[in-house]
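Visitor: I am attaching a structure below and will ask some questions about it afterwards.
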Amino acid sequence: MSAAKKFLMYALLILAALLMMFPIIYAFLISFMQGGEVLQGKLLPEKVTLDNYTAAFEKVPLLQFLWNSFFVSVIVMIGQLAVSSLAAFAFVFIPFKGRNLLFMVFISTMMIPWEATMVPNFLTVQKLGWINEYSSLTIPFFALAFGTFLLRQQFKTIPLELYEASQVAGISRFLFFWRVVLPVSKTSLITLGIYSFLTTWNMYLWPLLVTNNEKVRTVQIGLKQMQSQEISSQWGVVMAAAVVVILPTLVLLFVGQKHFQKGLAQGAIK
């Protein structure tokens with residue numbers, strides 16, 4: 001490739017990256033502006049201060065919301081990794097009648113919109129007395145068809161003869177799962193973990209339905225609450241809170257980007 005073509009290609013890539021990142025960059029700049037500067041349409045703040053960030057934590061219990069989102073996201077991530085990996089192991093290494101049919105039924109649930117199951121899930125949670133509890137924000141999401149499918153595709157790359165040899169040697173199924181299957185599937189597990197964390201962190205509608213207490217409400221609801229309060233005209237404060245909320249997701253994406261891409265590719269190719 002000639003130098004001119006390389007220069008043009010990188011120039012286009014940089015331009016595309018700037019266009020995609022512009023909303024985030026502009027939100028970051030607005031977080032340092034006063035209300036008048038935002039209404040004037042300025043791109044750069046006249047004075048860089050942390051007043052908006054201080055006000056964001058004072059107007060609403062943002063720190064509590066952040067902790068709730070972090071705690072719920074971590075619990076859901078652990079639950080999905082545990083349930084999906086065990087289910088995938090059963091679908092690959094444990095023969096039983098109707099295994100393939102059951103797997104197809106299990107995977108077909110991916111085609112059902114979440115909104116279609118929201119009402120029965122809410123009624124179930126309500127009958128169990130889980131309203132305003134962390135359990136309502138975590139347990140309904142432990143079973144994930146996508147996670148089971150992703151890990152099943154990865155587990156199928158492990159030779160079945162290795163599993164049969166472990167059975168002959170007297171190694172238990174769980175020990176084989178813990179010592180052999182999980183270590184060689186680390187990339188796919190990291191991918192599923194990142195996906196689970198980000199999906200739960202950005203969840204809005206379900207936490208809004210099952211919580212009405214600030215002690216358990218998540219940060220996405222906190223942002224909406226901040227916009228609906230009297231500070232809705234103070235866009236600098238709102239953007240400061242938004243920057244604080246999206247920062248963990250951006251860090252997680254940048255740190256785990258290679259694992260995320262590699263894990264999705266491994267799940268698609270046997």
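Visitor: Evaluate the stretch 12-29: report whether one residue or more is touching a residue at least 24 places away in the same chain (Cβ under 8 Å) and β-branched (Val, Ile, Thr).
Guide: For the stretch 12-29, residues touching a residue at least 24 places away in the same chain (Cβ under 8 Å) and β-branched (Val, Ile, Thr): present.
Visitor: Consider residue 185 against the criteria (1) within 30 Å of residue 204 (Cα to Cα); (2) crowded, with 17+ Cβ neighbours inside 10 Å: it satisfies all of them except one. Which criterion is unmet?
Guide: So residue 185 meets the others, but not (1).
Visitor: Just to be sure, is residue 191 open to solvent by less than 60 Å² (accessible area, probe 1.4 Å), outside any loop (DSSP other than H, G, I, E, B), in contact with a helix residue (DSSP H, G or I) (Cβ under 8 Å, 6 or more places away or on another chain) and at pLDDT 95 or above? Don't jump to the end; show me each part of the working.
Guide: Numbers: open to solvent by less than 60 Å² (accessible area, probe 1.4 Å): yes; outside any loop (DSSP other than H, G, I, E, B): yes; in contact with a helix residue (DSSP H, G or I) (Cβ under 8 Å, 6 or more places away or on another chain): yes; at pLDDT 95 or above: no.
It is false that residue 191 is open to solvent by less than 60 Å² (accessible area, probe 1.4 Å), outside any loop (DSSP other than H, G, I, E, B), in contact with a helix residue (DSSP H, G or I) (Cβ under 8 Å, 6 or more places away or on another chain) and at pLDDT 95 or above.
Visitor: A follow-up question, please. Out of the helices (runs of 4 or more DSSP H) lying entirely within the stretch 6-118, which hold 3 or more residues that are of a type in the set (Val, Ile, Thr)?
Guide: Filter on the stretch 6-118 gives 62-93.
Visitor: I'd like the full set of residues that are in a loop (DSSP other than H, G, I, E, B) and open to solvent by less than 40 Å² (accessible area, probe 1.4 Å), limited to the stretch 119-131.
Guide: none
Visitor: Which of the residues that make up the stretch 132-142 are outside any helix (DSSP H, G or I) and buried (at least 17 other Cβ atoms within 10 Å of the Cβ)?
Guide: Once the filter is applied, which keeps residues that are outside any helix (DSSP H, G or I) and buried (at least 17 other Cβ atoms within 10 Å of the Cβ), the stretch 132-142 yields only 142.
Visitor: Turning to a different aspect of this structure: Can you give me the number of residues within the stretch 62-88 that are over 16 Å from the mean Cα position of the chain (by Cα), of a type outside the set (S, T, N, Q) and either open to solvent by less than 10 Å² (accessible area, probe 1.4 Å) or under 17 Å from residue 249 (Cβ atoms) (or both)?
Guide: Final tally of qualifying residues: 3.
Visitor: Would you check which residues across the stretch 194-213 are open to solvent by 80 Å² or more (accessible area, probe 1.4 Å), in contact (Cβ under 8 Å) with a residue 24 or more places away in the chain and assigned to a loop (DSSP other than H, G, I, E, B) and list them?
Guide: Residues satisfying the conditions are 202, 212.
Visitor: Answer with yes or no whether residue 142 is under 19 Å from the mean Cα position of the chain (by Cα) and hydrophobic (A, V, I, L, M, F, W, C). Steps first, please.
Guide: Values: under 19 Å from the mean Cα position of the chain (by Cα): yes; hydrophobic (A, V, I, L, M, F, W, C): yes.
For residue 142, the condition - under 19 Å from the mean Cα position of the chain (by Cα) and hydrophobic (A, V, I, L, M, F, W, C) - is met.
Visitor: How many residues are open to solvent by 30 Å² or more (accessible area, probe 1.4 Å) and either assigned to a helix (DSSP H, G or I) or at pLDDT below 90 (or both) if we restrict to the stretch 216-243?
Guide: Narrowing the stretch 216-243 to residues open to solvent by 30 Å² or more (accessible area, probe 1.4 Å): 217, 220, 224-225, 227-230, 232-235, 239.
If we keep only those that are either assigned to a helix (DSSP H, G or I) or at pLDDT below 90 (or both) too, we end up with 220, 224-225, 227-230, 232-235, 239.
Total satisfying the criteria: 12.
Visitor: Would you call residue 145 open to solvent by 50 Å² or more (accessible area, probe 1.4 Å) and over 13 Å from residue 89 (Cα atoms)?
Guide: Judged against the criteria, residue 145 is not a match.
Visitor: Can you tell me which residue in the stretch 165-182 is surrounded by the most Cβ atoms within 10 Å (Cβ to Cβ), limited to those that are within 26 Å of residue 255 (Cα to Cα) and in contact (Cβ under 8 Å) with a residue 24 or more places away in the chain?
Guide: Only one residue fits best here, namely 181.
Visitor: Right, here's the next one. Among the residues of the stretch 191-201, is any of a type in the set (Val, Ile, Thr) and in contact with a Phe, Trp or Tyr (Cβ under 6 Å, 6 or more places away or on another chain)?
Guide: Going through the stretch 191-201, the residues of a type in the set (Val, Ile, Thr) turn out to be 191, 194, 199-200.
Next, from what is left, pick out any that are in contact with a Phe, Trp or Tyr (Cβ under 6 Å, 6 or more places away or on another chain): 191, 194.
Checking the stretch 191-201: at least one residue is of a type in the set (Val, Ile, Thr) and in contact with a Phe, Trp or Tyr (Cβ under 6 Å, 6 or more places away or on another chain).
The values are calculated or read from the model by the stated rules, or taken from the named source; none is laboratory data. If you're wondering where the values come from, they're calculated on a predicted model, not measured in any experiment. FYI the Cβ positions are ideal-geometry reconstructions off the backbone, even for glycines, and counts take in every protein chain you see. Note: accessible area is taken over every heavy atom of the protein model, side chains too, but ligands, DNA and RNA are not part of it. Shrake-Rupley method; radii C 1.70, N 1.55, O 1.52, S 1.80 Å.
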